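Report on one structure; see the data block that follows.
The values are calculated or read from the model by the stated rules, or taken from the named source; none is laboratory data. Since the model is a prediction, treat every value here as computed from it, not as a measurement. Positions of Cβ are backbone-derived with ideal geometry, glycine not excepted, and every protein chain shown enters the neighbour counts. In case anyone asks, the SASA skips ligands and DNA or RNA and just uses the protein heavy atoms, side chains included. Shrake-Rupley method; radii C 1.70, N 1.55, O 1.52, S 1.80 Å.
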Amino acid sequence: MQVNIETDPDTSIPTVTLHVPVDYPETAALTAALKNLSIEAATLTVSQRGQLVQLPLTSILFIEATGHQVAAHTLDNVYRVPKSLTAVGTGLPAYFLRVSKSAIVNTKQVYSLTKTLTGNLIAFHHSPKQLYASRRYYRQLKISLEQKGLL
């Protein structure tokens with residue numbers, strides 16, 4: 001695929017023009033992906049001390065459900081999420097993966113994945129926080145991390 005960018009001082013919003021072969025099989029998928037592309041910084045609405053805050057997705061290590069409460073964990077804080085884990089999971093980018101019935105992990109923040117006698121332990125960059133991946137989700141997580149060159 002070839003990408004060319006041209007700046008135009010007369011344009012106020014970006015316009016994308018695709019030149020594809022007549023019989024190109026991925027035209028519809030490519031068009032749909034471009035329409036869904038968002039330039040805005042991806043954030044998650046969380047609660048901190050009763051105040052709603054927009055937390056950047058890149059700072060999230062993992063999102064975890066405990067009982068009826070959902071929490072987003074960063075390097076140094078834990079924020080309450082005012083949605084269910086399933087609702088949060090549907091709005092997240094593909095680099096967030098479900099690793100257990102009660103947790104979703106940011107694969108960009110994973111440092112290591114260790115198979116132990118008690119479970120599959122996930123460690124994060126520059127953080128003492130750890131999380132267990134269930135057997136059901138371990139294979140998908142391992143494949144995803146290997147494809148991205150993270151393991």
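Numbers for the structure displayed
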{"quantity": "Tabulated pairs, the range 31-60, first open to solvent by less than 90 Å² (accessible area, probe 1.4 Å), second among the charged types (D, E, K, R) and at pLDDT 90 or above, C-beta under 7 angstrom, 6+ apart or interchain", "calculated": "Val46/Arg80; Ser47/Arg80"}
{"quantity": "Segments classed as strands (runs of 3 or more DSSP E), wholly inside the range 78-151, with at least 3 members that are surrounded by fewer than 19 Cβ atoms within 10 Å (Cβ to Cβ) and not acidic (Asp, Glu)", "calculated": "110-115"}
